[in-house]
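**Q** This structure is in structure tokens; I'll ask about it shortly.
Just so it is clear, none of the values below were taken in a lab; they were calculated from the coordinates. Owing to the predicted nature of the structure, the values given are computational and were not obtained by experimental measurement. Glycine also receives a Cβ, built like all others from the backbone with ideal geometry; neighbour counts cover every protein chain displayed.
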């Protein structure tokens, strides 16, 4: 254009182990640290794929491929997301039954986990593994609150086939070709997503 060669921008796909206390925005009016503090300045602009709230930590994807991000976030994609959650009570089978069957929140919504199991417990609290296939705002905290259960820590460990693994807290890295391909294969094609949305 006007004598300048144009080229498609390089698409970037990153995973970040988001620390607790960091917000998932480009800037914050309250001056809180954002996830961008953990990215290399040499990278092109990328945006988070979904969010983790300030008190949550773990696997967060970032990309400049908006179409790909929209596919991951589409309700009809139903990618499983796995969370390890430390709660303020000693869990039992009844609690697991409640959260997988569905809990009515204060606003009348019904929130549930696709799967849940006890990972390990102590005398006063328990670590749960909770699997969601939808992404409602503060889903796990809002689901547990009516049961009188407080979330002490919440760590996302997987999105679909992608695992956080041993990535250090506060560290970002590019997805490998195999990881990107696995996520692509886990998503329905745009035509299938459109058909599912129409059917729903």
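**Q** Cα-Cα pairs above 16 Å in segment 36-110: how many percent?
**A** 69 percent
**Q** Using the basic label-point model (7 angstrom from Cα toward the beta carbon), what is the residue 178 to residue 29 distance in nanometres?
**A** Simple spin-label model gives 4.6 nm for this pair.
**Q** Okay, next question. Specify the angular offset, from 0 to 90 degrees and rounded to the nearest 10, of the alpha carbon long axis of helix 190-199 from the longest principal axis of the alpha carbons in the chain.
**A** 40 degrees
**Q** Hey, another quick one. For a quick size check, give me the Cα extents of segment 80-159 along its three principal axes, largest first, whole Å.
**A** 33, 27, 19
**Q** Assuming R0 = 25 Å, what is the FRET efficiency of residue 153 and residue 47, from their Cβ-Cβ distance, to the nearest 0.05?
**A** Rounded to the nearest 0.05, the efficiency is 0.45.
**Q** On to the next question. Roughly what % of DSSP beta bridges within the chain run antiparallel, to the nearest 5?
**A** Of those bridges, close to 90 percent are antiparallel.
**Q** I've got another one for you. Restricting attention to the alpha-carbon atoms of the chain, what are Rg (one decimal) and Dmax (integer), both in Å?
**A** Just the Cα atoms of the chain yield Rg and Dmax of 18.6, 71 Å.
**Q** What percent do you get for the relative contact order of the chain when only Cα pairs under 8 Å and 6+ apart count?
**A** Over the chain, the number comes to 26 percent.
**Q** Let me ask you something else. Treating the angle as unsigned and between 0 and 90°, give the value, to the nearest 10°, between the Cα long axis of helix 177-186 and the longest Cα principal axis of the chain.
**A** 60 degrees
**Q** I want to check the label-to-label distance for residue 11 and residue 40. Put each point 7 Å from Cα in the C-beta direction and report it in nm to one decimal.
**A** Going from the residue 11 label point to the residue 40 one covers 2.0 nm.
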